[in-house]
Amino acid sequence: MAQSIFEDAIKRLDKAGELSKIDAEVIERLRHPKAIMQVSIPVRMDDGGLKIFDGYRVQHDSTRGPTKGGIRFHPDVNLDEVKALAFWMTCKCAVVGIPFGGAKGGVTVNPKELSHLELERLSRGFIDRLADFIGPDIDIPAPDVYTNAMIMGWMMNAYSSIKRQHSPAVITGKPIPLGGSLGRDDATGRGAYYCIKELEKRRKWNNADIRVAVQGFGNAGQHVARLLHHDGYKIVAVSDSQGAIYNEEGFDIPSLMHVKKDTRKLKAVYCHGSLCEQVKAEALSNEELLELKVDILIPAALENQITPQNMAKIQAPIIVEVANGPTTSEADAMLAERGILIIPDILANAGGVTVSYFEWVQNRQGFYWTEEEVQQRLQVIMSREFNNVYELMEKHSVDMRTAAYTHALDRIGSAISAGGTYRYFNNKTNGG
Ligand code: NAD
């Protein structure tokens, strides 16, 4: 049987648990998701036939607040993957110190094969199944791979109809007219960008010398590429599920975003069409992109991209994990030994959930912030937590991932301990 992503994910707890001051009980609790909901979603297709889709929602831990995490529509979605993603959300919310636990959801479906109306029926059907499992004070979904603001709008609307109560705070990443937050769209990429800006301050490099490759030119990947390009970094390679393109001189990212939006494919850049004549690019595979000799590699697609099969071929000295779980634990250990700096997913992509938190706050107070306010608050949190984790890494002479987990565990552990643990009841803490 293929290795379990969840089992691989929770391995990180062991190493971080040694450094963190938390109780072994806390680690044990985090090895087990709090609750799992598995559903079947019947959808009437456009041809009149009925199709049943499998869906999942996992709430991993709610000690620090209601659980929070995206919903993914993808053909490979399975319970094991959703459990891993929910675990990462618990750690991510703790790393950036926002008052949420972790959750995740998913439906096993290729949304590209559905019509618009079928997609809407599926989205509403999923919420029909989940309505008693989620809620603004219980569990708050958001977008993830192949789900977007429009889908979040349908889902919020479905939930509000079931509860007969307007409930914008049940879901984040909504369209702006339905209570979405300004600045949510680019928050994940922007959060990663703020991490890179902090590293830039420490390393004092010249941006024009820094060559960057981005795997996955979706929501998260496009925005980090755009912001870095704006600051003079050279984005020499980008990719989507169809393949990668490479240009030694660096791409003009706004033009690529335009092409991708129009054609939905980066391939249009190097096949035919007017842009081909304007943009010089060489076609690569996604595997080749990962192995390029660049200064910063940004995996921003799916998990398990850097594995024992290709870890020896990775040449970038800095990896910024915008995707969740792009590096397996075995590859991670080897890359750390080689001195490669990995800004781990639970920190690098935490900008998304941070602005989701801002959206939830705004929905609850019914008062909305400007885009500048959102960006400013995001920058404060991302810069502060990047530096907290970086300093912990230096203090303990460990890799940045271990430092990030240690930081998260300290926060989760102190919340769990505050509620009482074995040691507390045995008078072994609080001075006896
Ligand atoms: P998205 O659906 O907008 O984009 C995904 C991109 O990856 C698409 O361009 C797709 O073509 C590409 N892709 C798919 N399979 C690929 C492959 N095998 N190789 C290369 N590219 C491939 O999704 P997104 O929201 O940008 O999410 C990307 C990653 O970031 C995921 O791991 C997600 O969990 C993580 N993430 C996203 C957010 C967010 O707010 N969007 C927040 C945190 C983490």
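The values are calculated or read from the model by the stated rules, or taken from the named source; none is laboratory data. Please read these numbers as outputs of a predicted model, since none were measured by experiment. Note: ideal-geometry Cβ built from the backbone for every residue, glycine included; neighbour counts use all protein chains shown. These area figures cover heavy atoms from the full protein model, side chains too; ligands, DNA and RNA do not enter into them. Shrake-Rupley method; radii C 1.70, N 1.55, O 1.52, S 1.80 Å.
Tabulated data for the structure shown
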| read-out | value |
| --- | --- |
| Pairs, first among the basic types (Lys, Arg) in the stretch 357-368, second modelled with pLDDT of 95 or more and part of a helix (DSSP H, G or I), C-beta under 9 Å, six or more apart | 364/168; 364/169 |
| Qualifying residue in the stretch 199-212 (condition: under 21 Å from residue 347 (Cα atoms), of a type in the set (Val, Ile, Thr) and either part of a loop (DSSP other than H, G, I, E, B) or within 15 Å of the ligand (Cβ to nearest atom) (or both)) | no |
| Candidates 344, 308, 317, filtered to the one that is open to solvent by less than 60 Å² (accessible area, probe 1.4 Å) and without any contact (Cβ under 8 Å) to a residue 40 or more places away in the chain | 308 |
| Leading residue by the ranking (farthest from the ligand (Cβ to nearest atom)) among those in the stretch 139-157 that are in a helix (DSSP H, G or I) and open to solvent by 10 Å² or more (accessible area, probe 1.4 Å) | 157 |
| Search result, residues across the stretch 217-237 that are open to solvent by less than 10 Å² (accessible area, probe 1.4 Å) and either without any contact (Cβ under 8 Å) to a residue 12 or more places away in the chain or near the ligand (Cβ under 9 Å from one of its atoms) (or both) | 217, 221 |
| Residue in the stretch 169-183 that is near the ligand (Cβ under 10 Å from one of its atoms) and within 17 Å of residue 380 (Cα to Cα) present | no |
| The stretch 54-80: number of residues that are among the charged types (D, E, K, R) and crowded, with 24+ Cβ neighbours inside 10 Å | 4 |
| Contacts under 7 angstrom Cβ, first residue in the stretch 372-385 being of a type in the set (Lys, Arg), partner in a helix (DSSP H, G or I) and buried (at least 17 other Cβ atoms within 10 Å of the Cβ), 6 or more apart | 377/358 |
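Residue-wise test of (1) modelled with pLDDT under 95; (2) more than 14 Å from the ligand (Cβ to nearest atom); (3) not basic (Lys, Arg).
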site	(1), (2), (3)
46	no, yes, yes
51	no, yes, no
56	no, yes, yes
64	no, yes, no
68	no, no, no
75	no, no, yes
80	no, yes, yes
86	no, no, yes
91	no, no, yes
